[in-house]
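Below you will find the structure I want to go over with you.
The values are calculated or read from the model by the stated rules, or taken from the named source; none is laboratory data. Just so it is clear, the model here is predicted, and its values are computed rather than measured. Because the Cβ atoms are built from the backbone with ideal geometry, glycine has one as well, and the counts that use them run over all protein chains shown.
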Amino acid sequence: MIPREEKILLSHGNGGRMMHDLIGNLFIRHFGNTILDEQTDAAILPAESPFLAFTTDSFVIDPLFFPGGNIGKLAVCGTVNDLAVSGATPRYISVSFIIEEGFAMRELEMIVESLATEARHAQVTIVTGDTKVVNKGKCDKLFINTAGIGMFRKEDMLVGKALNINPGDAIIINGTIGDHGMAVMNARESFNFKSPVISDCASLNHLIRRMLEQCPGVKFMRDPTRGGVATVLNELAAKTGLGIELSEQALPVSKGVGAMCEILGFEPLHIANEGKVVVVVSEAESRHLLEIMKSHPLGTQSTVIGRIVRDHPMKVVLKTATGGKRIVDSLTGDPLPRIC
């Protein structure tokens, strides 16, 4: 059971009995495993590969709960996906909590439970962590920091480096764009749009592992989180020196996200996603990869959204539904702060 106090106190972070009760009765109860249960200052981890992927991330989302998830689920998905799109198989994560004095214990348990559930779903082990409590007003409710470790197969080590990209290669995404950013914005501002918008927050490692194992021709992957698809593709164009052409008609945008973006003046290509992967594959293998992706629950809406081209090097150009063309730049400024 959770500690008897209804709210987090400064004493929960002082290293004494109350902190140990919080760790044992809440975190260990939900996260417990043979490695974490040792409660040593550093986890000792078995490694299956001489090559490791290592990432870290911090989560400061507002609000903490949103349609489709909460900060706990998001912390796992964000960390897992950063490893997976690099070609690694996620294995271990750390989780550290920075909690504001007075935060509701019941909400903390809901977040911890969600985090543990997503970690089990993604088949990653929480092996270490930390808890800090700060004075009321010194942070906004709850921040989470994570680190993740993944293992590489040698043949997958280059998939995040954008090597061997050629004109004619297809650009694929596994579903609708902008869902996470708009879901968080709607929850934060209480716009109450009639069309429901639900975050796409999901761990993609099982989908990506299937893609890499069954389609060796995958050339590049990246998760389009902050800055959206546009920023990922502009970075890709700059790195390769080639151009990118997108089809507006091919872009998968839900009715709710499309309506919100039109009313609020946002570009869906700039809105964050937390359950999407942008993939580059040769044209010859694009059909095969689409079949693989569509066979997975997180890839049923996968589609080709554009091509790598020689024209307009280092720029992303959108072919509009009316037959025109316009340049799509990376996101500038931050119209949607604290979405992850």
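With respect to the numbered conditions (1) part of a loop (DSSP other than H, G, I, E, B); (2) at pLDDT below 95, which one is the sole condition not fulfilled by E155?
Condition (1) is where E155 drops out.
It is to be established whether one or more residues within region 93-112 are aromatic (F, W, Y) and within 20 Å of F54 (Cα to Cα). Quick ask: steps written out before the conclusion?
Just the residues of region 93-112 that are aromatic (F, W, Y), to begin with: 97, 103.
Those still in the list that are within 20 Å of F54 (Cα to Cα) too: 97.
The answer is yes; a qualifying residue exists.
Hey, another quick one. With L269, L289 as the choices, which residue is touching a strand residue (DSSP E or B) at 6+ places or on another chain (Cβ under 7 Å), in a helix (DSSP H, G or I) and not aromatic (F, W, Y)?
That would be L289, the only listed residue that is touching a strand residue (DSSP E or B) at 6+ places or on another chain (Cβ under 7 Å), in a helix (DSSP H, G or I) and not aromatic (F, W, Y).
Only one residue in G333, G241 is surrounded by fewer than 16 Cβ atoms within 10 Å (Cβ to Cβ), outside the structural domain of H206 (by TED's automatic domain parsing) and not hydroxyl-bearing (S, T, Y), so which one is that?
Answer to the selection: G333.
Could you pull out the residue among N192, N174, N186, N135 that is assigned by TED's automatic domain parsing to the domain that holds Q249, surrounded by fewer than 16 Cβ atoms within 10 Å (Cβ to Cβ) and over 23 Å from P46 (Cα atoms)?
Values: N174 fails: surrounded by fewer than 16 Cβ atoms within 10 Å (Cβ to Cβ); N186 fails: surrounded by fewer than 16 Cβ atoms within 10 Å (Cβ to Cβ); N135 fails: assigned by TED's automatic domain parsing to the domain that holds Q249.
After ruling out the rest, the residue left standing is N192.
Further question on the same structure: Could you check region 195-208 and list, in sequence order, the residues that are of a type in the set (S, T, N, Q) and either part of a helix (DSSP H, G or I) or buried (at least 22 other Cβ atoms within 10 Å of the Cβ) (or both)?
S199, S203, N205 - these are the residues of region 195-208 that are of a type in the set (S, T, N, Q) and either part of a helix (DSSP H, G or I) or buried (at least 22 other Cβ atoms within 10 Å of the Cβ) (or both).
Considering A53, A43, which residue is modelled with pLDDT of 95 or more, in contact with a Leu (Cβ under 8 Å, 6 or more places away or on another chain), among the small types (G, A, S) and outside any helix (DSSP H, G or I)? Full working, then the answer.
Working: A43 fails: modelled with pLDDT of 95 or more.
Testing whether each residue is modelled with pLDDT of 95 or more, in contact with a Leu (Cβ under 8 Å, 6 or more places away or on another chain), among the small types (G, A, S) and outside any helix (DSSP H, G or I) leaves just A53.
Residues that are of a type in the set (V, I, T) and assigned to a strand (DSSP E or B): does region 66-81 have at least one?
Within region 66-81, not a single residue is of a type in the set (V, I, T) and assigned to a strand (DSSP E or B).
Any chance you could count how many residues in region 227-263 are part of a helix (DSSP H, G or I) and either without any contact (Cβ under 8 Å) to a residue 60 or more places away in the chain or of a type in the set (V, I, T) (or both)?
9
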